[in-house]
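Q: Dumping the structure here so I can ask a few things about it.
Any read-out appearing in this document is the output of simple, stated calculations on the displayed coordinates, not a laboratory observation. Since we're looking at a predicted model, the values are computed, not measured. Here the Cβ is made from the backbone with ideal geometry for all residues, glycine too, and neighbour counts use every protein chain on show.
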Amino acid sequence: MNSAINILITLDIHCYPYTEKKIPLWIQETLQLLDNLCIEATFFFPAVLAEKFSGYVRMILERGHEIACHGLTHGPEEQYNLMPYEKQKAILCEAKKRIEEVTANEVISFRSPAYKINGDTIKALEENGFRLDSSVNPQRLGILSSDITNIGWLYAPRRPYHPSFNNPFIAAKEGVLLWEIPQSAFILPFMVNTGIAFGGEFLKFFFRILYIESFFRKNPIVYMFHPEDIYPKRDAYNYKFEWEDLLPSKLRGFSIRKVLFHNKNPEKISSQIISLLKMMKESKDIKFITFRKMLDLFCARPSFSSREIKNKEKNPSTNLK
C-alpha cells in the first residue's frame with residue numbers, strides 16, 4: 001500500500017426530504033466543488049436514481065469519480081438487516097445490473113441504506129460480485145442512529161477487513177473475498193450530520209483525531225455527505241415534534257434525534273463542508289482515492305494474491321468476475 005493517509009470522500013444519493021428534481025443541481029454543485037479541490041470521490045446511487053439521472057451518472061464518471069451501489073430504491077422497505085438472504089441476493093443482483101447498464105462499467109462497491117446489514121448481506125454481496133462494502137460504523141453508538149438494536153458496531157474493527165458471513169462486524173478467518181472499509185466513526189460517525197448537530201469546528205477536531213490514528217495504524221479515513229448538503233440555497237430542514245418520536249422504533253430508532261438537525265442554516269452547513277474538505281486537502285501526506293482504487297491498493301499487497309487464490313479454491317462460488 002502507499003505511504004500516504006488515504007481519504008475516501010463518499011456521497012450518498014437520495015431525494016428525501018427534498019424533491020428529486022433538485023438532484024441534478026446538487027450534483028453539478030458538488031462536481032464543481034470537487035473539481036476546484038482536485039478531489040476524487042465515490043458516489044453511492046440507488047439504482048432507480050442512477051437510471052433517472054443517467055446523464056449525470058456518466059458525467060460523474062467522466063470526471064474520474066466512482067459510481068457505487070446504494071441499494072435498489074433506498075425506500076423504507078429496503079432494510080437489509082431484516083431481510084432473508086434470498087431476498088437480499090435478488091435485490092442486490094437487480095440493483096447492480098441496472099446501475100451497470102447505465103455506467104457500462106462493473107459496479108464493485110456498496111453501502112447499505114442507513115448502514116443496515118447482517119451476515120446474509122455480506123454473502124449476498126459476494127455472490128453478486130461486489131468487492132467492497134462500507135456499511136459498518138466501528139465503535140459508533142447505535143442509539144444515535146436508526147439502527148438502535150445494533151451492538152455489532154461497538155466491537156467492529158476500525159481497519160479494513162474481510163467480514164464474516166455469520167457476523168459482518170467481525171473479521172472472517174477465511175473464505176471471504178469481500179472487503180469491509182468501515183465508515184470512520186467513534187461514538188459519532190464522521191459525516192455531515194455530526195457537523196450539522198455539533199458544528200464545523202467539532203468535525204475538524206474529529207478529523208485531526210482520525211488523522212493521528214491513521215498516521216499510526218494506516219487505516220483510511222472515510223467521510224460521508226450528500227450532494228444537497230453543499231447547496232447553500234436549499235430549504236432548511238424543519239422538524240415537527242410528535243410524541244411517538246420519544247419511543248424507540250426498530251426501523252427509525254429514536255426519531256427525536258432529528259431535533260439536532262432542526263432549522264440549521266444551509267449556507268452554514270455548506271460552508272462547514274467546504275472548509276473541512278479544504279482542511280483535509282491541506283493536510284500533510286494525504287491522498288484522496290475512490291473505493292475502486294482502494295481495492296487496487298489491497299491487491300498490490302504481496303499477501304493478497306495467495307489469500308485470494310486460497311479462498312477461491314475453497315469456495316468456488318465466490319469467484320468474482
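Q: Given H placed on each backbone N at 1.01 Å, which residues far from residue 81 in sequence or on other chains put an amide H within less than 5 Å of it?
A: Those qualifying (amide H under 5 Å, at least 5 residues apart or on another chain) are 117.
Q: Rank by packing, highest mean first: peptides 120-132, 201-213, with packing defined as the count of other Cβ atoms within 10 Å averaged across residues.
A: On the way: 120-132: 22.8, 201-213: 16.2.
Most protected by this proxy first, the peptides run 120-132, 201-213.
Q: Same structure, new question: Give me the extension gain from residue 237 to residue 4: residue separation times 0.36 nm, minus the current Cα-Cα distance, reported in nm with one decimal.
A: Details: separation 233, 0.36 × 233 = 83.88 nm, distance 3.74 nm.
Extra length from residue 237 to residue 4 when fully extended: 80.1 nm.
Q: Enumerate the calculated ³J(HN,Hα) couplings along the stretch 186-192 in order (Karplus 6.51 cos²θ - 1.76 cosθ + 1.60, θ = phi - 60°), each rounded to whole Hz, writing x wherever the residue is Gly or Pro.
A: Taking θ as phi minus 60°, the curve returns 6, 6, 10, x, 7, 8, 4 Hz for the stretch 186-192.
Q: Additional query: Based on the mean of other Cβ atoms within 10 Å per residue, sort peptides 81-87, 5-11, 162-168 so the most packed one is first.
A: On the way: 81-87: 14.7, 5-11: 23.3, 162-168: 20.1.
Result, highest mean first: 5-11, 162-168, 81-87.
Q: Still on this structure: Please compute the modelled spin-label separation between residue 58 and residue 154, points set 7 Å along Cα→Cβ, answer in nm with one decimal.
A: Output for this residue pair reads 5.0 nm.
Q: Starting from 0.36 nm per residue, how many nanometres of slack lie between residue 38 and residue 287 once their C-alpha separation is accounted for? Don't skip to the end; give the middle numbers.
A: Details: separation 249, 0.36 × 249 = 89.64 nm, distance 1.06 nm.
Here the answer is 88.6 nm.
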